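Heads up: the structure comes next, in structure tokens.
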Amino acid sequence: MVELKSSAEIARMRVAGRFVADVLAELRARARVGVNLLDLEAHVRERIRERGAQSCYWDYAPSFGRGPFRNTVCLSVNDAVLHGLPFDYALCDGDVLTMDLAAGIDGWVADAATTVVVGTAAEADLRLVRATEEALAAAIAAAVPGNHIGDISAAIAAVARDYGYPVNTEFGGHGLGRTMHEDPHVPNAGRPGRGYRLRPGLTIAIEPWFARTTDRIVTDPDGWTIRSADGSRTAHSEHTVAITPDGPEVLTAA
């Protein structure tokens, strides 16, 4: 069931969104050659503790994972793109790192992700990251009252097509608010004018992610980390967006 939020409830989500955006900005600044993923995880834990926030990932146990998830941020490197478990790994020059964070404050949640290239950046990797960012921007522009979920999905797929990247539809965006995952599902490909009609009060996470040369995925033995099936590099961008009478509002803007 889709739950529409009041303006007061969206304001409370905005507080969580600002916190998520701030912590992701800190992680982007810390993601340097030689930095261990466990140090990034430790930083997020401390920031959540200081703020009195709640991690949406800790103890998370959905049907698709091998739960419970015992970390506060997803860190996915190179061909890993979703649900990456932080582990004892020092970032290397040229690594592509996706950081995905969801947290709640006073019972309201926000979710966002960003991808960076560590150290020396290959143009092909920058292009891949740029494609997800442009797809996210196009999807947000389509998130206006009267449009449909399919318009958001089609906007993402159009950018992927222009860049020549395939699209996986197994994992995509989602509603959120009191919890991290609510209705509706927001796939990364779809048909304009189809699906749930967008109305003010809807809050969704929009999250285009692409692998360079495949739309197939595999899961690591850890039961969580999702990778491109052919080992090609990946990128992922995500924002929490509220549909308002005046158009989309990005609640996790930096």
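The values are calculated or read from the model by the stated rules, or taken from the named source; none is laboratory data. What you are looking at is a predicted structure, and each value in this text was computed from that prediction instead of being measured. A quick note on method: Cβ atoms are made from the backbone with ideal geometry, for glycine too, and the neighbour counts reach across all protein chains shown. Ligands, DNA and RNA are stripped out before the accessible areas are found, and what is left, the full protein with its side chains, is counted by its heavy atoms. Shrake-Rupley method; radii C 1.70, N 1.55, O 1.52, S 1.80 Å.
On the protein heavy atoms, probe 1.4 angstrom, tell me the percent of accessible surface of region 1-50 carried by carbon and sulfur. It would help to have the intermediate numbers written out before the result.
Details: 1380 of 2650 Å².
The nonpolar share, carbon plus sulfur, comes to 52 percent.
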Completion exercise
Length gained if R28 through A158 is fully extended, taking 0.36 nm per residue and subtracting the Cα-Cα distance, is 44.0 nm
Handout entry: Of all accessible heavy-atom area on region 126-254, the percent that carbon and sulfur account for (1.4 Å)
Key = 50
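Please give the length that would be gained between T120 and S6 if that part of the chain were fully extended, namely 0.36 nm times their separation in residues minus their C-alpha to C-alpha distance (nm, one decimal).
Working: separation 114, 0.36 × 114 = 41.04 nm, distance 4.50 nm.
Working it through step by step, the gained length comes to 36.5 nm.
For region 103-164, what D do you get in µm² per second when you plug the Kirkwood radius from alpha-carbon pairs into Stokes-Einstein at 20 °C and 1.002 mPa s? Could you put the intermediate results ahead of the total?
Working: Rh = 13.6 Å.
It diffuses with D of about 158 µm²/s by this estimate.
Summing -39500 (n - 2.57) over the DSSP H runs of n ≥ 4 in the chain and dividing by its residue number, what mean residue ellipticity at 222 nm do you reach, to the nearest 500 deg cm²/dmol? Mind dumping the intermediate values first?
Numbers: 4 runs with 73 residues, N = 254.
Helix contribution divided over all residues of the chain: -10000 deg cm²/dmol.
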Practice task
Only Lys, Arg, Asp and Glu count, each charged at its Cβ (+1, +1, -1, -1), so figure out the dipole size of region 113-206 about its Cα centre, rounded to 20 debye.
Solution key: 340
Practice task
List, in order, the whole-Hz ³J(HN,Hα) value for each residue of region 73-80 obtained from phi through the Karplus relation with A = 6.51, B = -1.76, C = 1.60 and θ = phi - 60°; use x for Gly and Pro.
Solution key: 8, 8, 10, 10, 10, 6, 7, 7
Handout entry: Cα-centre dipole for the chain with unit charges at Cβ (Lys and Arg positive, Asp and Glu negative), debye to 20
Key = 380
Practice task
May I ask which residue of L40, A29, G67 lies farthest towards the positive end of the charge dipole of region 21-140, with charges of +1 (Lys, Arg) and -1 (Asp, Glu) on Cβ and the Cα centre as origin?
Solution key: G67
Completion exercise
Whole-Hz Karplus couplings 3J(HN,Hα) for region 39-52, θ = phi - 60° and coefficients 6.51, -1.76, 1.60, Gly and Pro as x, run 5, 5, 4, 5, 5, 5, 4, 5, 5, 5, 5, 4, 7, x
Practice task
Kindly provide the pair-distance distribution of region 30-111 built from C-alpha pairs, with 10 Å bins from 0 and whole-percent values in order of increasing distance.
Solution key: 18, 49, 29, 4
Handout entry: Whole-Å semi-axes of the ellipsoid equivalent to region 161-254 (Cα gyration tensor, √5λ, descending)
Key = 27, 16, 12
